[in-house]
Structures are given as C-alpha cells and as structure tokens.
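Contents: one structure, followed by commentary.
Please treat every number below as a calculation from the coordinates, not as lab data. Computed from a predicted structure; not experimentally measured. For neighbour counting, all protein chains shown are included, and Cβ atoms are generated from backbone atoms with ideal geometry for every residue, glycine included.
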Amino acid sequence: MHRYAVARALVWAVCLVGVSVSAPAQLEDTKIAFASNTDGDWDIYVINYGGSGLANLTSNSPSIDWRLRWSPDATQIAFASDRDGDFDIYTMDADGANVRNVTQATDVTGAHDTKPDWSPDGSEIVFVSDRYNGSRFEVCRIDALGASPPVRLTHEAVIYTADPDWSPDGSQIAFRRGTPTSIWRMDRDGGGQVQLSLHATVGDEEPDWSPDGRRIVFGRKPTHGAKHLYVMDADVGESETVATQYTFDGYSEYPAWSPDGSEIAHYRNGGVYLTEATPGAMPTLLVARGTMPAWSPFAGPGSGIPVTVDIMPGSTRNPVTLRGNGVIAVAVLGTGDFDATAIDDASVRLGPAGASIAHKTAHRKDVDGDGQRDWLGHFRRRDIGLDMGATEATLSGLTRIGAAFAGADHVVVVGKASAAPSIDAADSRGATWADVKRGIGAR
C-alpha cells in the first residue's frame, strides 16, 4: 500500500477511537475583535481564539466605536468612531494604544465615514462615506496615514453602496449595491464593476473574501425570515443555485473568515459565534454579547494558509546534506481547500535563508497519489540555510492571486558523505505516527 494511503488509514483509525486532530497551531494563536455595548456604550473588544484574554480596547472613550478590521500584519485595527463629532475612520495598535484619526483632515462637516477595510499590503484603507452626497454612501479609498485626500471609487446617482471588502491579492473590492442590495465586485480603481449575486426578493450584505480569494461569504435576508450566511464563488455571476446556504438556525450576519479559511466568525442571536466553513455546521458560542467580529490574520515570517509540505517525497527520514551543489525536491500537496497548482513559483521560499526554486518553473503533478495535482519544486541544498541542529524546514509563498501560505516538514541534517535519496526512492519501512501527523497538515 502507498505510504500516503497508509497514513490516511491510520488517521481514520485514530479518529474512531476518539483522538481528535487539533486545529493548526497558528489558528490557536489568532484573536477575534468585535464590538459590544456591554459596558453601556459601544466599545471594541478583543478575545483569543480559545475564548481567553477578553479585553476592552476603547474603554477610555464614551463614544461609539465599531465597524472594525485588522491590518494585514495584525499589529493595528481600523475602526469607525464618532469620538470627534462626526464618524471618522481611526486606526489603533492591537492593544488599543496610539489612536489616530485617518479621515478627519479631509473630512466634510457633517459627513460620516465608516466600514473600513485594509488593503492587503496595509498601505490603504477602503471605506464608505456620505461626504459626496448626504443622502447615500459611496465607496472611497485613502492611504492608511490619511496624508492625502480619499479617492472616490463609486459615482452613483441614486443607488446605495456599502460594505467594501478588499480581495486578498489587492486587485478587487467586493461591496454591496442597489435596492434590494446585491453583492458586486470592482477593480481597486472603481472600474470593471460586476454583479455577483442576484435575487429579486432578498438583500445580500456584508461580503467577506476568503483567504485564498476563491469564495465570498455574505449575509442574505429574505423578504420574510431570518438572515443567514451564504457562500459563493468570487469569479462568476450568480444564478439561483450558485450561492450555498451555510447557516440555518437562528439569525446570522457580519461574517468574517478565519485566516486559514476553515471557520467563519459571525453574529448570531446577540453574540459572536464560530462555525466551521461547511454548510450546516453547528455554531459554537465565543462571546455571549457582541457583534461585527473581525478575525486577526496570521502574521510574521512563515505565516499564511496552512498547507501540507512534503520534503523529499518518497522518503520518511528526509536526510539533507549541507554542502554541495545538489538539489532536493519539495512538494506542496493539493487538497480540497488548497489548489497547489495555483502557486506563484517565483514567490516560494524554503528554509531560514529563504531559498528560491533552482529552476525557472516548478512541476504540477500528483505526488501523493490522491488524484489531485500537487506543486513540486527543487531547491539547492546550499541555499536553504539549515544548520546541523535543524529538525524541520518551513516553506512559504503566495498563490497567483496573492494569498499567503506556509507549511513545514521535518528534516535530518547529515554529513557531507551522506547522500539524499532521489524523489523516486521510497523508504522501505511503513508509515509511523510521525508520518501521519506530517501527512495530514502543516505544523
């Protein structure tokens, strides 16, 4: 039996006897920020993914503070507040310090700026404002420091626009438009507007792009009944059957993807809940009183969507020498949630020294025999930067639409005389529990 098949069989056997596979360690280190009026006025709170460490970040202001989003590096939060009179866009450090007004310098008396979202590189913030016409909101873009006037992206005579959300690659912005409202997308300069959802009897609101850029979750409210979360493809217009309903019980809105795309935080029946990103999954209560959740992104080197990395496919020991001009093969395995063939070859880096692939392009082939094509690149051993005590190597990169990913696999650093097996040489021993853990996901 192929060793990957053995690994999958062992995982299934372990699950049958009650041992669960935990969430990726990176997800356990994330936070969810949200708005709540628990203390009498609307403040911004933050809580750890596991439910600990609840903190009020804006308790020193009696104003309304809400409509929040994390910066791409998880060091800041953008939000809307009326603390200086009219609603403006503010930023603050992730601990609530260093609050600054981004839009006040270019504000119009009596105007309201709200619903911010960061560009993927953190240099700009998109938001909505009624500064151009007090009877409706328009989507705008401004640099994150507020040093220059905002750029108006929509120019509607009578149609309402709101809820902008930047795509992971920074090229497009999803938003809601019309009456009843539907989900649209447009280029970052406001051009190329495309309607994504269409349903004559409902209002579609609050789009949130998945981390891999392939899907959009949104809230849909029928003419009669509760609002629920729906998910649709981001690259096509919608027919009646394209959007898939994800929540069914209660009332759900304000969705926010987890940074690995495996869960969705959302408002439900007065509180913030977490739900696995599959249709009909049961929500889990995170906070009993809160709304408008925003999930912190992965941050730092080697962060991004967790992927399965297999160094030297066919080997379980993964011996790597530190000298010589030879190369080793490294695979990123495709799954139902991650299209490995969409990896940008030039962006991939391996090890402490950030080695790039040795050849101009990588291969797309089914490495693990599961029927899905994987990504396979070769790296020069001397460029990886491992030392004699290294026990694993991390690979990271971007997809062609700019979604970050990362994963790791174990290695054994050996002396110059030890030769690493070729990609076609498989170890003779069977799969171990270490192999199983390595095969089901990146650590």
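At what distance in nm do the modelled label points of N133 and Q193 sit from each other, each positioned 7 Å from its Cα along Cα→Cβ?
Roughly 1.0 nm, to one decimal.
Can you tell me which of 117-126, 37-46, 66-75 comes out highest on packing, and rank the rest after it, using the mean Cβ neighbours within 10 Å?
On the way: 117-126: 19.3, 37-46: 17.8, 66-75: 21.3.
Going by the mean number of other Cβ atoms within 10 Å, highest first, we get 66-75, 117-126, 37-46.
Please identify which residues in the stretch 334-349 have an amide N closer than 16 Å to a label point set 7 Å out from the Cα of K360, following the Cα→Cβ vector.
Within reach of a label on K360: 345-347.
Number of Lys pairs in the chain with C-alpha atoms less than 30 angstrom apart, excluding same-chain neighbours closer than eight positions?
Summing the qualifying lysine pairs gives 9.
With both bridge residues required to lie in the chain, what share of the DSSP beta bridges run antiparallel, to the nearest 5%? Write down the numbers at each step before the final one.
Details: 98 of 103 bridges.
Percentage antiparallel, nearest 5: 95.
Would you mind classifying the stretch 243-396 by shape? Square roots of the alpha carbon gyration tensor eigenvalues, ordered a ≥ b ≥ c; an a/c under 1.5 is rounded, otherwise it is prolate if a/b is larger than b/c and oblate if not. If you can, show how the numbers build up before the last one.
Numbers: a/c = 3.19, a/b = 2.27, b/c = 1.41.
Cα axes put the stretch 243-396 in the prolate bin.
Obtain the nm distance between the two label points defined at A55 and T201 by a simple spin-label model: each point lies 7 Å from its Cα along the Cα-to-C-beta direction.
4.8
Distances longer than 32 Å among the Cα atoms of the chain: what percent of all pairs is that? Intermediate values should be presented prior to the final figure.
Numbers: 42022 of 97903 pairs.
Cα-Cα pairs of the chain separated by over 32 Å account for 43 percent.
Running a GNM on the chain with Cα contacts under 10 Å, which residue among V330, V414, V287 ends up with the highest mean-square fluctuation?
Greatest mean-square fluctuation among the candidates belongs to V414.
At 222 nm, what helix-only mean residue ellipticity would the chain give, in deg cm²/dmol to the nearest 500, using -39500 (n - 2.57) for each DSSP H run of four or more? Let's see the in-between values first.
Working: 4 runs with 30 residues, N = 443.
Here the helix-only value at 222 nm equals -2000 deg cm²/dmol.
With the chain treated as a Gaussian network of Cα nodes joined by springs under 10 Å, which of A33, A144, A78 yields the largest mean-square fluctuation?
So, out of A33, A144, A78, the one fluctuating most is A144.
Could you tell me how far the Cα centroid of the stretch 259-277 sits from the Cα centroid of the stretch 281-325, in Å?
Rounded to whole Å, the Cα centres lie 19 Å apart.
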